[in-house]
1. Which FRET efficiency value, to the nearest 0.05, do you get for Gln63 and Gln240 by plugging their Cβ-Cβ distance into 1/(1 + (r/R0)^6) with R0 = 51 Å?
2. For the range 120-272, what is the accessible area per residue in Å², given a 1.4 Å probe and the full set of protein chains?
3. Run the quick spin-label model on Glu176 and Thr422: label points 7 Å from Cα toward the beta carbon, then report their separation in nm to one decimal.
4. Give me the extension gain from Ala95 to Ala343: residue separation times 0.36 nm, minus the current Cα-Cα distance, reported in nm with one decimal.
5. If you place +1 on the Cβ of every Lys and Arg, -1 on the Cβ of every Asp and Glu, and leave all else neutral, what size is the dipole of the range 140-201 about its Cα centre, to the nearest 20 Debye?
6. I need two numbers for the range 313-427: Rg to one decimal and Dmax as a whole number, Cα atoms only, in Å.
7. How long is the gain from Asn132 to Val281 if the chain were fully straight, where each residue apart is worth 0.36 nm and the alpha carbon distance is subtracted?
8. Using alpha carbon centroids, what distance separates the range 340-388 and the range 310-339, in Å?
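The values are calculated or read from the model by the stated rules, or taken from the named source; none is laboratory data. The shown structure was predicted, so the numbers you read here are calculated from the model rather than taken from an experiment. Virtual Cβ from ideal backbone geometry, glycine too; neighbours counted across all protein chains shown. Keep in mind that these areas ignore ligands, DNA and RNA; they rest on the heavy atoms of the full protein, side chains included. Shrake-Rupley method; radii C 1.70, N 1.55, O 1.52, S 1.80 Å.
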Amino acid sequence: MTSTTDQVAGLDDLAATTLLRFATAGSVDDGKSTLVGRLLHDSKSVLTDQMEAVEAVSAQRGQEAPDLALLTDGLRAEREQGITIDVAYRYFATARRRFILADTPGHVQYTRNMVTGASTADLAVVLVDARNGVIEQTRRHAAVAALLRVPHVVLAVNKMDLVGYQESVFAAIAEEFTAYASDLGVPEITAIPISALAGDNVVDASANMDWYGGPTVLEHLETVPVSHDLTACPARFPVQYVIRPQSAEHPDYRGYAGQIASGVLRVGEAVTVLPSGRTSVIEGIDALGESVDIAWAPQSVTLRLKDDIDISRGDLIAPSANAPATTQDVEATVCHVADQPLAVGARVLIKHTTRTVKAIVKEIPSRLTLDDLSQHPAPGQLVANDIGRVVVRTAEPLALDPYADSRRTGSFLLIDPADGTTLAAGMAGESFASRAETTVQADEEGWDF
């Protein structure tokens, strides 16, 4: 058995990791892919054969210089149209930090893709064309970043070369965006004037904007504080699979396999199984073929409990001292991602961690109006890319944390039970709107929970 001292040392090492997950977002032709390409190129993170391929395609198009946007626009449709459609993930590193980058689309109809890219991000880079300033899609991206509780937002005012590198243009855009994002609750906003095409303030400081004394984009990415304190959140362990070999070697073995969503679990700790509410004690933890005394997120482990309890996939094991409350009335903010509308009375499936249950949309109290952050009351339905509040009644209790406390166990998906289409990405608890009073009405066909 690995010693507790070694395991705690490993936890400290993991907590001190220098990995930063960040996403880029912006409107069409704001230069997101060019910025990402410039970032990769100037940080020496592009392989020789990749650069040769980009140069070849650029030459075929008659371009004198390599089009760095091609480093991330991988789909044929993206290259032909000169836009980003899918989320492009890139992995690179500098001497100071490792990065996972998600380059997300700018078109309104692909806002759902930004939700995917930013859902695990520690930082979001929102691009704005210096000629156009803050537009509706910029506000939408700021709202999504705030909704997903992205702790750091960088406003990259791009194409400064096309406005003569004027400080007044940058200052006006930065002031407008900062005021809007602050109203949404974004905790930290950093504005940087750049030219992705020319390389100004991306990796190297610009000689054309001596009035700017802040960091370049890469300098900020390398130095922004990112918290990986895995002990800060209470432990949550969604059960994925019950292991019962019933073999001659292990006739009585009963283990519960899964990935720790948050926090730390220890042998001897009292735990509660939800939604049943039954309690037990962790008798053993198996990880990578050996027994350990302690395990932490995001490790995949098998728990053994002192008591034989009826536990199955979808149950949640949590410390008895910090177990979440269960509920059948879920109030949340959602980003609607499907083409078909989400209406009051819709029968859906709600997927939370490893648990999937039937549910009904009982109410849609409001929809967020992005222009002025006002709430449009009782819209009746949400259409693609809408952000709004919903009240969902589930057939079985769910153990949700507020999304503000845990992005992993406070999030869920609404799914069409007919074909499995993802309808909306939901964040439990309060976000933009106050809690609304709901009226539950009876339904038919066994859906009145």
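1. Taking R0 as 51 Å, the efficiency between Gln63 and Gln240 is 0.55.
2. About 41 Å² of surface per residue is accessible.
3. Spacing of the two 7 Å Cα→Cβ label points: 3.2 nm.
4. 84.3 nm
5. My answer is approximately 260 debye.
6. 14.1, 45
7. 47.7 nm
8. Here the two parts' Cα centres lie 17 Å apart.
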